[in-house]
């Protein structure tokens, strides 16, 4: 890599115009990389912004003194950055966030429960306040109550029926406590 190119790369670290010029030089490669990835609610501008972040990382770590080229190095950093984004969004603990429905944007035609937006919001608020109740249930009580609420009660199993009775009693106590408080 010649001295002029190294100087341009060095200048791009602190000069926003030089950064944009360098970014635009590699924009076709960035657009090819973007076409390989998909994340829900990520649009082209989001991907381009992430590419700028990756370029900044590449600029900070690049050492062209040993004859390496910036383009291939930037491509590797960009691919790694995009893969990290995918891992972040697909992580099991974040899967619920990816599949969540915004309560304020629920329409009856897209609601999985076929409830009105007001009903979904009310159910959501009740759910937020009921953490203590759910935490008070044993795993068998929680399972029995969830099955019952989903319309799949297993009344033939004596243990499930007893767990459901205990959950109902706890629910009555919880609601009474809420009413008094």
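The values are calculated or read from the model by the stated rules, or taken from the named source; none is laboratory data. Source: prediction; values computed, not measured. Cβ: placed from backbone, ideal geometry, glycine included. Neighbour counts: every protein chain shown.
A few notes on this one:
- Residue satisfying condition, being at pLDDT below 90 and part of a helix (DSSP H, G or I), within set 86, 56: 86
- Residue check for residue 74: surrounded by 12 or more Cβ atoms within 10 Å (Cβ to Cβ) and either touching a strand residue (DSSP E or B) at 6+ places or on another chain (Cβ under 7 Å) or modelled with pLDDT of 75 or more (or both): yes
- Residues of segment 17-30 satisfying the condition of being within 12 Å of residue 59 (Cβ to Cβ) and not in a loop (DSSP other than H, G, I, E, B): 18, 19, 22, 23
- Checking each residue in segment 1-16 for being without any contact (Cβ under 8 Å) to a residue 60 or more places away in the chain and either closer than 12 Å to residue 51 by Cβ or part of a helix (DSSP H, G or I) (or both) picks out 3, 4, 6, 7, 8, 10, 11, 12, 16.
- Scope segment 113-153; condition more than 28 Å from the chain's Cα centre (by Cα), more than 14 Å from residue 170 (Cα to Cα), at pLDDT 65 or above and surrounded by 10 or more Cβ atoms within 10 Å (Cβ to Cβ); matching residues: 148
- Any hit, segment 95-102, residues being modelled with pLDDT under 75, part of a helix (DSSP H, G or I), within 30 Å of residue 52 (Cα to Cα) and touching a helix residue (DSSP H, G or I) at 6+ places or on another chain (Cβ under 8 Å): yes
- Considering the conditions (1) within 30 Å of the chain's Cα centre (by Cα); (2) loosely packed, with under 14 Cβ neighbours inside 10 Å; (3) in contact (Cβ under 8 Å) with a residue 24 or more places away in the chain, residue 37 is excluded by exactly one of them, (2).
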